[in-house]
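The next block holds one structure in the form of structure tokens; read it before the comments.
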Amino acid sequence: MKKRNLREEREWQRRQEYKKSILDAAEAVISKKGYSATTMDDIALEAQFSKATLYRYFKSKGEVIQAIIANYFEELKKKLAEIREMKKSARQKLKETIQWVLQYHEEKESIARVFMMDESFMKKMRIFITGQQKLTSDVDRKFINLIRSERKEIFDGVYQILIEGVEAQEFRKMDIVGAVTVLEALVQGYCHGKFWLERKENVKAETELLYNFFFHGIEKR
């Protein structure tokens, strides 16, 4: 039994490594050629896999893109769980969360810029986010349900950090759901704005900027 479980674990690990190689290759190709121009052949060539192997993991370019996006939420969720377990104050945990998101966005800036500039990709994302059109694909429905679930876990994680801060009297009593919503909009909006303004600051300085705006706003004290 143990040997069989070990084989299964090795096989699972191998599949995860292959998937990561494919997603890394897809990001590299899309950053160079753009979303619309990228084909599954391009991704297979970049990953140095046969097309048959590629299709064993992803049946279409759309599935590859969905996996890239889902991976972002998964990594953020895991990192947030790590931060919450740290023996640090709620203030420090929140600041580390902001810094990690900014750092991750900086690392993914090239592909994010390509996605944001591609009309066909943004049209698809508007369908996912707004639900203006009915999703007919099982893959699409599973994807949006996954993203909603992952996002809720991330939201709840930040919520718990704020609760912790309020209980420790680090933060004042507040509408915590509203506060998390504002913080999310602040960080995501800042990252989005950087693409257009081409603002270049180091991540530490950006973290301090957003952290101070969130806690102190612009009022004169």
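The values are calculated or read from the model by the stated rules, or taken from the named source; none is laboratory data. Quantities reported herein were computed from a predicted structural model and do not represent experimental measurements. All Cβ positions, glycine included, derive from the backbone under ideal geometry; neighbour counts span all protein chains shown.
A Cβ distance below 9 Å, combined with a sequence gap of six or more or placement on separate chains, defines the contacts here; from the stretch 194-217, residues that are assigned to a helix (DSSP H, G or I) and among the acidic types (Asp, Glu) reach residues that are surrounded by fewer than 14 Cβ atoms within 10 Å (Cβ to Cβ) and modelled with pLDDT under 90 in the pairs GLU206/ARG199. Yes or no: GLU17 part of a helix (DSSP H, G or I), surrounded by fewer than 18 Cβ atoms within 10 Å (Cβ to Cβ), acidic (Asp, Glu) and out of contact with any Leu (no Cβ under 6 Å at 6 or more places or on another chain)? So GLU17 passes the test.
When restricted to residues that are surrounded by 13 or more Cβ atoms within 10 Å (Cβ to Cβ) and farther than 25 Å from MET122 by Cβ, the stretch 35-50 contains 4. Restricting attention to the stretch 113-159, the residues that are modelled with pLDDT under 80, in a helix (DSSP H, G or I) and hydroxyl-bearing (Ser, Thr, Tyr) total 2. Of the residues making up the stretch 45-83, those that are outside any helix (DSSP H, G or I) and hydrophobic (A, V, I, L, M, F, W, C) are PHE49, PHE58. Checked against (1) under 16 Å from ALA67 (Cα atoms); (2) outside any loop (DSSP other than H, G, I, E, B), TYR35 passes all but condition (2).
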